[in-house]
Amino acid sequence: MTLKKLKYTNTDNTGREKEEVILIKDLTKSYDTGKVKVEALKGINLKINNGEMVAITGPSGSGKSTLMNLIGCLDTATSGSYQLRQEEVSVLNREKLAEIRNRRIGFIFQSFNLLPQITSYENVEMPLLFGGVAKRKRRERVHELLERVGLADRMEHKPTELSGGQMQRVAIARALAMEPDIILADEPTGNLDTSSGGDIMNLFHELWEQGHTVLVITHDPALARRTPRQVEIRDGLVTMDSEK
Amino acid sequence: MYKPRPGLVLHLFLSSSRVQKKRAFLTVASIAWGTLALLLLLAFGEGLKISISTASHGMGSNLAVLWPGTTSLTWQGLPAGRPIQPRIEDVALLRERIPNLVDVSGEIHQWNTVTRGDITTSERIKGVTHGFGEIRNHIPAPGGRFLNPMDEQLRRRVAFLGNKIAEKIFGKVNPLGQQFFIDKVPYTVIGVMMPKVSMGNYNGMDEDQIAIPITTFKAQFGNEKLGNLVVKPEQPEQMETVLKELNNVLGSRYGYNPEDKRVFGTWNTVETFKVTRNMLTGIQIFLGIIGALTLVIGGVGVANIMYAVVKERTKEIGIKMAMGARREWITGPIVLEGLVYTLIGGAAGVLMAVAVIFILDRIPTGDNEALNLLGKPTLSLSIGLISAAVLGLIGITAGYFPARRAASINPAETLHYE
């Protein structure tokens with residue numbers, strides 16, 4: 001890998017012009033539980049370009065999950081600014097946020113979060129369905145994606161009939177369905193054995209090499225070391241950024 | 001611009017609803033029971049309304065019956081307290097003078113001895129003018145007829161019998177064309193009244209009486225002062241003016257103040273029927289409310305089951321939200337599911353109600369007047385529409401609140417943890 005070299009060029013690893021995908025300024029998030037006010041994020045500043053692969057690390061309670069929720073538009077910030085491809089997201093309403101989640105963000109979770117009663121095919125199809133993609137296009141796309149993650153022969157299987165690694169591959173295929181700007185993975189190997197976890201990380205590397213922007217949230221230092229850039233969060237603040 | 005996608009909501013509904021048989025059965029049963037209760041109560045109300053309204057029209061509809069009385073006001077030098085009693089010839093005068101009249105009829109009653117063979121009995125004989133039959137709903141059984149103008153003009157000794165008195169005098173013999181005696185004078189039966197249910201009456205039941213031409217009555221008994229006047233306007237709303245006109249005509253003839261309310265005791269059936277109808281509508285609304293409340297309990301059951309469904313599917317809902325589902329794609333399928341439970345239950349309730357009413361309709365009530373008056377439960381279009389509206393409303397409401405709960409789920413909270 002020529003990571004060091006890439007860092008100082010104006011192009012990403014596939015030769016595209018560098019462009020800000022995420023620009024976060026002074027982002028805070030506090031929860032008011034009635035009795036106590038918890039400041040989960042105290043002023044995060046972060047810039048991520050397209051085609052980057054970044055690990056966001058930190059111990060539990062550091063605020064990294066809160067940050068992921070904000071980046072994933074699952075939640076809104078208390079103050080500060082968050083721009084996703086130059087669009088200010090913190091001012092958008094529910095429905096607009098839903099649309100952004102559908103088109104711009106691909107989620108991958110520790111517990112896979114596949115719908116258990118429907119097949120792999122239908123799980124991958126879901127974001128396409130929400131995105132209003134026509135039926136024939138959906139079929140082509142789902143086939144292409146499941147082939148890409150090596151599960152072409154598991155299309156009609158329900159999640160309960162799949163191994164953990166296979167479920168996470170279905171989840172990755174689902175995350176890629178709408179060709180999102182960022183892939184947001186929360187402890188993606190947390191529920192997998194070492195070998196499956198390694199396979200999944202290899203898959204993320206492949207995606208990164210193909211030009212995807214990948215954010216991995218993890219508390220596992222070994223996993224973080226495999227990504228070109230690491231950002232560490234402690235007590236709601238960025239305490240380390242390997243880029244800087 | 002966003003366009004609603006009902007097809008997607010339906011797709012999500014079909015792929016997300018998973019039926020838990022026992023729970024679904026209980027919910028559907030509670031709705032079915034509520035629907036059955038609502039429909040039966042409304043149907044009984046409707047049956048009661050129909051039979052009472054038929055019965056109150058048994059005497060004839062939209063008429064006024066007048067009893068002669070005494071004056072209570074002085075009039076043109078005449079003192080109060082004078083009895084006023086119209087005569088037979090006034091009927092023709094009133095018929096001629098009062099506009100918008102179907103007819104006016106005079107009546108004179110008297111108890112007399114009626115004889116046929118071995119049977120001798122004392123019965124109420126009424127001398128009536130020929131229009132009486134039509135306005136007082138004396139429908140002749142097949143083969144017979146009511147008294148006509150010729151009977152009156154020629155003072156024929158003919159009689160029209162109430163159905164009960166006919167049976168009393170003639171037993172199983174067909175009375176038509178037969179003779180019998182009123183006070184030793186022979187009469188020929190020209191018609192027998194069809195049996196009818198009649199709630200309102202005066203001077204006894206029509207079925208127990210013998211009607212003869214009023215002129216014949218006068219000839220035989222010498223009485224020409226009317227016991228009653230019966231008037232029927234063309235339209236019920238003309239009743240007031242017709243009664244006013246009647247008092248004007250008779251007032252100038254007999255010398256009393258037409259405004260004097262005491263001269264005639266008046267039973268205006270247009271008014272009383274209005275009261276009856278309002279009361280029956282009130283009863284029906286009351287029954288409907290009881291039925292609807294029963295159905296609401298079923299609706300609470302549906303809401304309950306849908307709350308459970310939302311709780312069970314919290315994670316699923318969070319996942320869909322993360323995938324970019326809009327609010328209505330989350331709420332739509334849940335409302336639809338609640339509605340489907342309600343409508344299936346409703347359909348089952350309708351089938352049961354139809355079956356129950358079908359069976360009740362075949363149970364003979366015989367001569368029991370109470371049962372006859374209670375009527376047969378009847379399903380009408382309006383009952384169908386009301387029930388469908390109540391069911392739909394309950395179904396949507398039962399799904400709406402759980403769906404709102406679903407829409408308020410915070411995906412961030414549901415997705416990260418097992």
Seminar exercise, completed: Of the listed residues (B:L8, B:L73, B:L78, B:L41), the one being modelled with pLDDT of 85 or more and within 26 Å of B:V230 (Cβ to Cβ) is B:L73
Exercise. Restricting attention to segment A:153-170, does a residue exist that is under 18 Å from A:L215 (Cα atoms), surrounded by fewer than 20 Cβ atoms within 10 Å (Cβ to Cβ), without any contact (Cβ under 8 Å) to a residue 40 or more places away in the chain and not β-branched (V, I, T)?
Worked result: no
For this session: Evaluate segment A:89-104: report whether one residue or more is in contact with a strand residue (DSSP E or B) (Cβ under 7 Å, 6 or more places away or on another chain), at negative phi, away from chain B (no Cβ under 12 Å) and not small (G, A, S).
Result: yes
Exercise. Here are some conditions: (1) touching a helix residue (DSSP H, G or I) at 6+ places or on another chain (Cβ under 7 Å); (2) within 8 Å of another protein chain (Cβ to nearest Cβ). A:Q117 meets all but one. Which one does it not meet?
Worked result: (1)
For this session: Within segment B:118-140, track down each residue that is acidic (D, E) and farther than 21 Å from B:Q179 by Cα.
Result: B:E134
Exercise. Which one of these is surrounded by fewer than 21 Cβ atoms within 10 Å (Cβ to Cβ), farther than 18 Å from B:L415 by Cβ, β-branched (V, I, T) and touching a helix residue (DSSP H, G or I) at 6+ places or on another chain (Cβ under 8 Å): A:V133, A:V142, A:V149?
Worked result: A:V133
Seminar exercise, completed: All conditions in (1) surrounded by fewer than 22 Cβ atoms within 10 Å (Cβ to Cβ); (2) more than 12 Å from chain A (Cβ to nearest Cβ); (3) in a helix (DSSP H, G or I) are true of B:T365 except (3)
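Results for (1) part of a helix (DSSP H, G or I); (2) outside the structural domain of B:M323 (by TED's automatic domain parsing); (3) surrounded by fewer than 17 Cβ atoms within 10 Å (Cβ to Cβ), shown as yes or no for each residue.
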| residue | (1), (2), (3) |
| --- | --- |
| B:G338 | yes, no, no |
| B:G349 | yes, no, no |
| B:A370 | yes, no, yes |
| B:P377 | no, no, no |
| B:S387 | yes, no, no |
Seminar exercise, completed: Within segment B:392-410, residues within 14 Å of chain A (Cβ to nearest Cβ), in contact with a helix residue (DSSP H, G or I) (Cβ under 6 Å, 6 or more places away or on another chain) and assigned to a helix (DSSP H, G or I) come out as B:A406, B:A407
Exercise. If you scan segment B:11-55, which residues turn out to be within 12 Å of another protein chain (Cβ to nearest Cβ) and part of a helix (DSSP H, G or I)?
Worked result: B:H11, B:L12, B:L14, B:S15, B:S16
Exercise. Just checking, which of A:L129, A:L207, A:L203 is under 21 Å from the mean Cα position of the chain (by Cα), without any contact (Cβ under 8 Å) to a residue 40 or more places away in the chain and more than 13 Å from chain B (Cβ to nearest Cβ)?
Worked result: A:L207
For this session: Tell me, yes or no, whether segment B:112-132 has at least one residue that is touching a Gly at 6+ places or on another chain (Cβ under 6 Å), surrounded by 13 or more Cβ atoms within 10 Å (Cβ to Cβ) and either free of Cβ contacts under 8 Å to residues at least 40 places away in the same chain or not in a strand (DSSP E or B) (or both).
Result: yes
Problem set entry | Boolean, A:R174 is at pLDDT 95 or above, crowded, with 22+ Cβ neighbours inside 10 Å and among the charged types (D, E, K, R) | yes
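The values are calculated or read from the model by the stated rules, or taken from the named source; none is laboratory data. Just so we're clear, the structure is a prediction, and the values are computed from it rather than from any experiment. Positions of Cβ are backbone-derived with ideal geometry, glycine not excepted, and every protein chain shown enters the neighbour counts.
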